[in-house]
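> Before anything else, here's the structure in question.
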Amino acid sequence: MTDQTDRSAFAAQAQALLKQMTLEEKLAQIVGFWDKGDGEAVAPLQGEFAEANTFAGATKNGLGHVTRVYGTRPIDPVERAAWLWNEQRRVVRETRLGIPMLVHEECLTGLSAWKAATFPTPLSWGASFDPDLVEEMAGLIGKSMRQLGIHQGLSPVLDVVRDPRWGRTEECISEDPYQVATTATAYVKGLQAEGVHATLKHFVGYSASQSGRNFGPVHAGPREIADVLLPPFEMAVIEGGVRSVMHAYTEIDGVPVAANPEYLTDLLREQWGFDGTVVADYFGVAFLEKLHNIAADLTEAAKLALEAGLDIELPTGDAYLAPLAKGVREGVIDEALVDRAVLRALEQKAELGLLGNTFEDEPPAEIDLDSPAHRDVARRLAEESVVLLSNDGVLPLRNPAKISVIGPNADRLSAMFGCYSFVNHVLSLHDGYDTGIDVPTMREGLVREFENAEFATARGCNIDDQDRSGFDEAVATAAGSDVTVLVLGDQAGLFGRGTVGEGCDRDSLELPGVQRELAEAVLATGKPVVIVLLTGRPYVVGWALERAAAVVQSFFPGEEGASAVAGVLSGRVNPSGRLPVSLPRSTGAQPYTYLHPSLGGDNSVTNLSSKPDREFGFGLSYTTFEHSTLSVHAEDTSSPLVLTVRVTNTGERDGDEVVQLYARDLVGSLTRPVAQLIGYARVSLAAGASTELTFTVPPSRLSFTNRAMNRVVEPGDFEFWTGTCAVPAQEPAKVNLSGDVHKVELHDPRITEVSATA
């Protein structure tokens, strides 16, 4: 852990270098360079921006960041590492000040590099309710990155799901801010423990865009921002000690975040005490001119961003090089703003051990980016995240002789991965390369799982078109089998190249294309049908829950995903995933979140139901669990609550229960949610075993932002319950909190601690 003495030393190093710098050398330290090469875009409007320099030209005065060395095209990691070490040595030797470059890379579901392990997507992290395992995963990712000379990862995503029509829903963790906060903070700790700086994305409001449209304006009020959208970032800064933050592309109430000092400086730095770097989302500074139209030119865009507190322009220096230099020389931009950003950039390099590093060591001669340890964590996380949505008793399958595997995702490797996986983000744009990692398709996973069964396969239809020509073959295949596994869902992609992912928003939450029609045709055979959904968002599948023998949901489960889902179908894995997002009843019910006040749900003043088909936190198991009556010890608004519940596995199988603790403030000075997650724990219990869980809940978990915009806990009546979803399964415990209105301070405890005793 970096202490204050270290930070003082880093600041002194940075100050000493700054005093020696010309303006050009300063600007070089607050931009990146990206050798994008040819091919389709992997960043918004990428084709609008062309590098003015060769790499050698871009580094003549030094360079702040080198962008996506491994994750732009398929290239052997060992060969690329050798290139990178040589370039670092060249920059150290040939530039006047000899400052090495900081290398950043994408790492949301694993390092974005050819042959690197690819883990489940963040919605699966949420479905696992297992931050400890996410931290373990992030540690493995960070170790791989550090071995390859990468210093900063552009992850995790802390956007709270507000409208699943938004394409980037699959990059998010949950619709609950506390679950997002605890899981993302665990990722930050895991990555940074290996010496790689995490970057929080996207600060703030991105997921609350109008109609779920990418880049859409955000109309959230200050209280929704304070109580729902900001808490994950606050926890990752205060508890996680994150070292970098990336601004959101969006505007909030007319002000683009990239030009908003209230968020980037006043809140982030002055209130929260963040002392790392704020980086631009790719081309975000130039977008102030080109998309937001609040700057007349790139010079003005640079000024607005610097004034707001945006330190480093990524991926390139479109605004922070020549346009910014012009503004400084003409007296339009105060050079002190440049100095402030440069100091932060240099201090980060000092913290990472870059200042003074001559790269005399040798790059890795061999490296295993998909080791048994990677595979083990990928497997465990995939298994823990599979959600059983319905089951009429057909699961687990009991030695079926003939299994048909049907559907557009039945035999597609890319169906296992999200948008920011290397497979879908980069490799899909390049012909002639294999994945570099072992990734069974769903069909292959089932064949491995059911060794004695006979298999037949039919695609039936594509992901997202109107071609029904494969229906007859699919129906005939299903009719000749004992059971059909119908694999439906999404293709993750970028900017319209998929059904989900960045720039792949939807105006309907019906399954894409003619997948529902295919399902209804297969269901009409009368044979048992198990529907497996491999998706990046929740879809409207109430019809399937009613008619299919079972429905299994997996949110892009990664390289071990097929084995995990097949294990659930065979019974080798007892399903324990829980929904991190509500399963919608209809597209028209969106946007919806379980975290709503009374009038946001079903009531007598409207004829339309918003009740989801499956609640947040829902998930079935092959065993059963019983929760005893909740015991609550409460004193007053300023004291922690202690809540105790005994959980018993009352079934005949070992299994994991995700115990969720909810609260409801019955009368508030402002409207309050009908349910709010305030703690959770994953527990493993043998058949017949039980454990007593004690939740110690700090006052902050019951707080909200009042009319004066202070975070407070009010006295009065509260209800508490535990369960496996947001709806109480038994009568909640009712408690009166006495005392005065309690103001919650920034460094007050914010995490509910959970302990277990036999």
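The values are calculated or read from the model by the stated rules, or taken from the named source; none is laboratory data. Model, not experiment: these values are computed from the prediction. Cβ atoms come from the backbone with ideal geometry, glycine included; neighbour counts cover every protein chain shown. SASA here: full protein model, heavy atoms, side chains in, ligands and nucleic acids out. Shrake-Rupley method; radii C 1.70, N 1.55, O 1.52, S 1.80 Å.
> Quick one: which residue in Ile173, Ile150 is open to solvent by less than 10 Å² (accessible area, probe 1.4 Å) and farther than 29 Å from Arg750 by Cβ?
Values: Ile173 fails: farther than 29 Å from Arg750 by Cβ.
Criteria check complete, one pass: Ile150.
> Still on this structure, I have one more. The conditions are (1) on the phi > 0 side of the Ramachandran plot; (2) in contact with a strand residue (DSSP E or B) (Cβ under 6 Å, 6 or more places away or on another chain); (3) not small (Gly, Ala, Ser), and Phe495 fails exactly one of them. Which is it?
Only one criterion is unmet by Phe495, namely (2).
> Just to be sure, is Glu335 open to solvent by 10 Å² or more (accessible area, probe 1.4 Å), in contact with a Leu (Cβ under 9 Å, 6 or more places away or on another chain), within 30 Å of Pro557 (Cα to Cα) and not aromatic (Phe, Trp, Tyr)?
no
> Would you mind finding the one in Gly221, Gly195, Gly240 that is more than 24 Å from Val285 (Cα to Cα), open to solvent by 20 Å² or more (accessible area, probe 1.4 Å) and in contact (Cβ under 8 Å) with a residue 40 or more places away in the chain? Walk me through how you get there before you give the answer.
Working: Gly221 fails: in contact (Cβ under 8 Å) with a residue 40 or more places away in the chain; Gly240 fails: open to solvent by 20 Å² or more (accessible area, probe 1.4 Å).
Unique residue meeting the criteria: Gly195.
> Looking at segment 698-707, can you tell me whether even one residue there is more than 32 Å from the chain's Cα centre (by Cα) and open to solvent by less than 40 Å² (accessible area, probe 1.4 Å)?
no
> A further question follows. Hey, among Leu388, Leu352, which residue is surrounded by fewer than 24 Cβ atoms within 10 Å (Cβ to Cβ) and either more than 25 Å from the chain's Cα centre (by Cα) or more than 30 Å from Ala549 (Cα to Cα) (or both)?
Leu352
> Within segment 566-596, can you find the residues that are open to solvent by 50 Å² or more (accessible area, probe 1.4 Å) and modelled with pLDDT of 95 or more?
Of everything in segment 566-596, just one residue is open to solvent by 50 Å² or more (accessible area, probe 1.4 Å) and modelled with pLDDT of 95 or more, namely Arg572.
> Restricting to segment 538-555, count the residues that are over 20 Å from Thr169 (Cα atoms) and among the hydrophobic types (A, V, I, L, M, F, W, C).
Looking only at that region, the number is 7.
> Among what's in segment 214-270 and is aromatic (Phe, Trp, Tyr) and assigned to a loop (DSSP other than H, G, I, E, B), pick the residue that is farthest from Val744 (Cα to Cα). Please lay out each step first, then the result.
Taking segment 214-270 first, the residues aromatic (Phe, Trp, Tyr) are 215, 233, 249, 263.
Subsequent filtering for residues that are assigned to a loop (DSSP other than H, G, I, E, B) retains 215, 249.
Values: Phe215: 33, Tyr249: 30 Å.
That would be Phe215.
> Now for a separate question. Can you tell me which residues in segment 224-237 are touching a strand residue (DSSP E or B) at 6+ places or on another chain (Cβ under 8 Å) and either without any contact (Cβ under 8 Å) to a residue 24 or more places away in the chain or among the aliphatic types (A, V, I, L, M) (or both)?
Residues satisfying the conditions are Ile225, Ala226, Ala236, Val237.
> Pull up segment 391-411, narrow it to residues that are open to solvent by 10 Å² or more (accessible area, probe 1.4 Å) and in contact with a Lys or Arg (Cβ under 9 Å, 6 or more places away or on another chain), then point me to the one that is farthest from Gly617 (Cα to Cα).
For segment 391-411, the residue satisfying everything is Asp411.
> Test each condition in (1) touching a Leu at 6+ places or on another chain (Cβ under 6 Å); (2) of a type outside the set (Phe, Trp, Tyr); (3) within 23 Å of His151 (Cα to Cα) for Ala308 and report the one that comes out false.
Status for Ala308: all satisfied but (3).
> Regarding Gly651, is this residue over 14 Å from Ala729 (Cβ atoms), over 30 Å from the mean Cα position of the chain (by Cα) and open to solvent by less than 30 Å² (accessible area, probe 1.4 Å)?
Yes, satisfied.
> Given the residues Ser469, Ser481, which is the only one that is more than 23 Å from Thr118 (Cβ to Cβ) and open to solvent by less than 50 Å² (accessible area, probe 1.4 Å)?
Unique residue meeting the criteria: Ser481.
> If you scan segment 93-147, which residues turn out to be under 26 Å from Ala492 (Cβ atoms), surrounded by fewer than 22 Cβ atoms within 10 Å (Cβ to Cβ) and over 17 Å from the mean Cα position of the chain (by Cα)?
Initially, segment 93-147 is screened for residues under 26 Å from Ala492 (Cβ atoms), giving 103-131, 133-145.
From what is left, the residues that are surrounded by fewer than 22 Cβ atoms within 10 Å (Cβ to Cβ) are 115, 133, 135-136, 139, 143.
Once the filter is applied, which keeps residues that are under 26 Å from Ala492 (Cβ atoms), surrounded by fewer than 22 Cβ atoms within 10 Å (Cβ to Cβ) and over 17 Å from the mean Cα position of the chain (by Cα), segment 93-147 yields Lys115, Lys143.
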